[in-house]
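Chemist: What follows is a single structure, and I will ask about it in a moment.
The values are calculated or read from the model by the stated rules, or taken from the named source; none is laboratory data. Here the structure is a predicted model, which is why all the values come from computation and not from measurement. Every residue, glycine as well, gets a Cβ built from its backbone with ideal geometry; the counts of neighbours run over all protein chains shown.
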Amino acid sequence: MIGFLVMVHVLCGISAVLAGAGAMRTAKGSRKHRWLGRAYLGALAGLCGTAPLLAVVDWTGRWHLAVLAGVAAGLAGLGLFGVRQRRLHAHILGMGGSYLVMLTAFYVDNGPRLPLWNQLPAILFWFLPTVIGLPVLLPSVHRRRGFPS
């Protein structure tokens, strides 16, 4: 059973990374952007649904992954709310934030086993996705009309 959950989790993670990156690179509001955004949300739902189940196997060592899954899901919910309310800054911050939290969870869990990454101090796995991603995300939010300077 655990092997099946791991397989679903990994497939959802790969799908979420690809769909999220695709949505970020397409024209906002286009049919392709909406399709990729829905694919991202579906994959993220699978990822966030399986994360707590997998964390239970080693709760003392992986409870934080269940928390990160909850944060990623909450931010994605904010992003969905933002697009439905036509609040583009909330949409971008929510979806972009959920993507960064998802990447953080991946690196926190897998970084020590990845070539080159395993040379970094473990604390950096918690911050590098945000340090790299925020300078990309914030100018996009700022460019949206109606967002305060």
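Chemist: Criterion first (over 24 Å from Gly42 (Cα atoms) and modelled with pLDDT under 90) does Pro139 satisfy it?
Modeler: When the stated conditions are applied, Pro139 passes them.
Chemist: So which residues in the range 123-141 are exposed (fewer than 12 other Cβ atoms within 10 Å of the Cβ) and closer than 18 Å to Gly61 by Cβ, if there are any at all?
Modeler: Ile123 - this is the single residue of the range 123-141 that is exposed (fewer than 12 other Cβ atoms within 10 Å of the Cβ) and closer than 18 Å to Gly61 by Cβ.
Chemist: All but one of (1) at pLDDT below 90; (2) part of a helix (DSSP H, G or I) hold for Phe147, so report the exception by its number.
Modeler: Here Phe147 clears every test but (2).
Chemist: If you don't mind, another one. Could you look through the range 107-121, keep only residues that are surrounded by 12 or more Cβ atoms within 10 Å (Cβ to Cβ) and in contact with a Gly (Cβ under 8 Å, 6 or more places away or on another chain), and pick out the one that is farthest from His9 (Cα to Cα)?
Modeler: Out of the qualifying residues, it is Leu120.
Chemist: A follow-up question, please. Output the residues belonging to the range 97-117 that are without any contact (Cβ under 8 Å) to a residue 40 or more places away in the chain and more than 20 Å from Arg34 (Cα to Cα).
Modeler: Once the filter is applied, which keeps residues that are without any contact (Cβ under 8 Å) to a residue 40 or more places away in the chain and more than 20 Å from Arg34 (Cα to Cα), the range 97-117 yields Val101, Thr104, Tyr107, Asn110, Gly111, Pro112, Arg113, Leu114, Pro115, Leu116, Trp117.
Chemist: Taking the criterion of being in contact (Cβ under 8 Å) with a residue 40 or more places away in the chain, in contact with a Pro (Cβ under 9 Å, 6 or more places away or on another chain) and not in a loop (DSSP other than H, G, I, E, B), would at least one residue in the range 62-69 satisfy it?
Modeler: Filtering the range 62-69 down to residues in contact (Cβ under 8 Å) with a residue 40 or more places away in the chain leaves 62, 64-65, 68.
Still in the running and in contact with a Pro (Cβ under 9 Å, 6 or more places away or on another chain): 65.
Still in the list and also not in a loop (DSSP other than H, G, I, E, B): 65.
The answer is yes, given that some residue of the range 62-69 is in contact (Cβ under 8 Å) with a residue 40 or more places away in the chain, in contact with a Pro (Cβ under 9 Å, 6 or more places away or on another chain) and not in a loop (DSSP other than H, G, I, E, B).
Chemist: Among the numbered conditions (1) closer than 19 Å to Val131 by Cα; (2) touching a residue at least 24 places away in the same chain (Cβ under 8 Å), tell me where Ala16 comes up short.
Modeler: (1)
Chemist: Scanning for something out of contact with any helix residue (DSSP H, G or I) (no Cβ under 7 Å at 6 or more places or on another chain), in a loop (DSSP other than H, G, I, E, B) and surrounded by fewer than 17 Cβ atoms within 10 Å (Cβ to Cβ), does the range 19-27 turn up at least one residue?
Modeler: Keep residues of the range 19-27 that are out of contact with any helix residue (DSSP H, G or I) (no Cβ under 7 Å at 6 or more places or on another chain), which gives 21, 24-25.
When the remaining residues are screened for being in a loop (DSSP other than H, G, I, E, B), the result is none.
The answer is no, given that none of the residues of the range 19-27 is out of contact with any helix residue (DSSP H, G or I) (no Cβ under 7 Å at 6 or more places or on another chain), in a loop (DSSP other than H, G, I, E, B) and surrounded by fewer than 17 Cβ atoms within 10 Å (Cβ to Cβ).
Chemist: Determine whether the range 79-96 contains at least one residue that is small (Gly, Ala, Ser), in contact (Cβ under 8 Å) with a residue 40 or more places away in the chain, assigned to a helix (DSSP H, G or I) and in contact with a Ser or Thr (Cβ under 9 Å, 6 or more places away or on another chain).
Modeler: We begin by selecting, within the range 79-96, every residue small (Gly, Ala, Ser); these are 79, 82, 90, 94, 96.
When the remaining residues are screened for being in contact (Cβ under 8 Å) with a residue 40 or more places away in the chain, the result is 96.
Checking which are assigned to a helix (DSSP H, G or I) leaves us with 96.
Applying the additional criterion that residues be in contact with a Ser or Thr (Cβ under 9 Å, 6 or more places away or on another chain) yields 96.
Yes: one or more hits.
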